Structures are given as C-alpha cells and as structure tokens.
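The values are calculated or read from the model by the stated rules, or taken from the named source; none is laboratory data. The shown structure was predicted, so the numbers you read here are calculated from the model rather than taken from an experiment. When we count neighbours, we look across all protein chains shown, and the Cβ atoms used for this are built from the backbone with ideal geometry, even at glycine.
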Amino acid sequence: MSWRFLAFLLAASSLFGAAKKTVSEARGENLDLALTVTLYIDPAGVKDLLGADLDHFIVAAVKVEPKSGKEVLIDRDDFQLRTDSDGEKSKPLAPGQIAGRGALIVTRAQANTRLSGGSADGGYTGAVKATVGDAARDKENPLEQALKTRELPQVKTGQPASGLLYFAMEKQKMKDLELVYGGRENRIALRFK
C-alpha cells in the first residue's frame, strides 16, 4: 500500500513542479530610486488582482521608493515591457485607453469560409476585428474606474508610491520578460524568473 502512495506523491510533485510560473517579483535600483515590481502574466491571476477580466494584458504591481529624500517624477511613459521570445514591446496603457469611452476594442472574429477561405468549420483563423467605442453612446465603464483607482500615480514625489501598470501583451513566458525603467541614464532593467 505504501509504494502506491509514494508513486502518487512522486506523480503529483512532478505535475506541480512542471506548472508554469505566472507571478514573479524583481527588484532594482539606481541613484535616485528603488523599484520593486510584481508581474502578473496569467489572465486568472490578473482577474484575482483586479476583480475583473482583463484579457490580452500583463499587469505589473509597481512600488517606487525615492532615495535620500530626493523627489522623483513618476511617469508611466518611463516604463516598457519587452520579451526576448519574439521582440514584442509594450508601453503601459492608461485606463481610458483600455476601458474608457472611445477606447479601441479588439475582438477575435469568426471566419466566413466563403469570403475569407477560413477553416472548413468556420472557426477562428487568426482574424481580429477592431472597433472604436462611440463616446456619445457609451456609458461610464466601471472597469475604467477600477483601473484608475489602482493605477500607479503619475506625480513628482519624495515619498514611496505604488500602483499598477497595464501592458497590452499576452501569452509570454515569465523568463522571457524584461521591464525597463528610465532612459539612458539611471536606467533600471528587471528580469523575471
């Protein structure tokens, strides 16, 4: 009986060990500040973090700590997420660009086999449909408000600040991702495991 239990434990541990990592933390610093970033790459992890679905996005929980009482300017445009796997790069998007009025809405389109030569069953063939929301007709989106309240503040401060950044990127492996902060001087590059 005990050998079966041992075999079950070995099989279970190999399955859990093979699971891909979907949350990782990295820390770096330069002369002006220390940066701690927790990256969420799995849609389920993003949903747990935000309480809402945000498909096709990677979310970074960022903590910025200025050094020696220096004031630093925190700006989302100073961040960039990139991947080694295919060279894709993404700057963080503002909540209004994701869920606001007039936001770009991207959906997968079903193929019409007669017109597009898609698959025989009329299924997804890689086509996407992009539309722009109508600001006059769209109501205030509760998701936009939720994203705004959790976003990394864009301020000049000498105090620690934290919040979320939203990158339009999906289906990446954690080991391939690098978050870059800053320009040529005082740059911080964080790798995730």
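Hey, among the residues in segment 13-30 that are at pLDDT 90 or above and either farther than 18 Å from Phe192 by Cβ or of a type in the set (D, E, K, R) (or both), which one's farthest from the chain's Cα centre (by Cα)?
Among them, the one singled out is Asn30.
Which of the following residues is outside any strand (DSSP E or B) and at pLDDT 85 or above: Asp55, Asp77? Step through it out loud before you land on a result.
Values: Asp55 fails: at pLDDT 85 or above.
So the residue among Asp55, Asp77 that is outside any strand (DSSP E or B) and at pLDDT 85 or above is Asp77.
In the set Glu88, Glu65, Glu71, which member is assigned by TED's automatic domain parsing to the domain that holds Ala161, more than 11 Å from the chain's Cα centre (by Cα) and closer than 14 Å to Leu179 by Cα?
Working: Glu65 fails: closer than 14 Å to Leu179 by Cα; Glu71 fails: closer than 14 Å to Leu179 by Cα.
Going through Glu88, Glu65, Glu71 in turn, just one is assigned by TED's automatic domain parsing to the domain that holds Ala161, more than 11 Å from the chain's Cα centre (by Cα) and closer than 14 Å to Leu179 by Cα: Glu88.
So in segment 80-106, with the set limited to residues that are in a helix (DSSP H, G or I) and of a type in the set (A, V, I, L, M), which one is modelled with the lowest pLDDT? Quick ask: steps written out before the conclusion?
Pass one, segment 80-106, residues in a helix (DSSP H, G or I): 95-99.
Then drop every residue that is not of a type in the set (A, V, I, L, M), which leaves 98-99.
Numbers: Ile98: 89, Ala99: 85.
My answer is Ala99.
This table checks each residue for (1) in contact with a helix residue (DSSP H, G or I) (Cβ under 7 Å, 6 or more places away or on another chain); (2) surrounded by fewer than 15 Cβ atoms within 10 Å (Cβ to Cβ); (3) over 19 Å from Glu144 (Cβ atoms).
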site: Thr38; (1), (2), (3): no, no, yes
site: Asp42; (1), (2), (3): no, no, yes
site: Ala60; (1), (2), (3): no, no, no
site: Lys70; (1), (2), (3): no, yes, yes
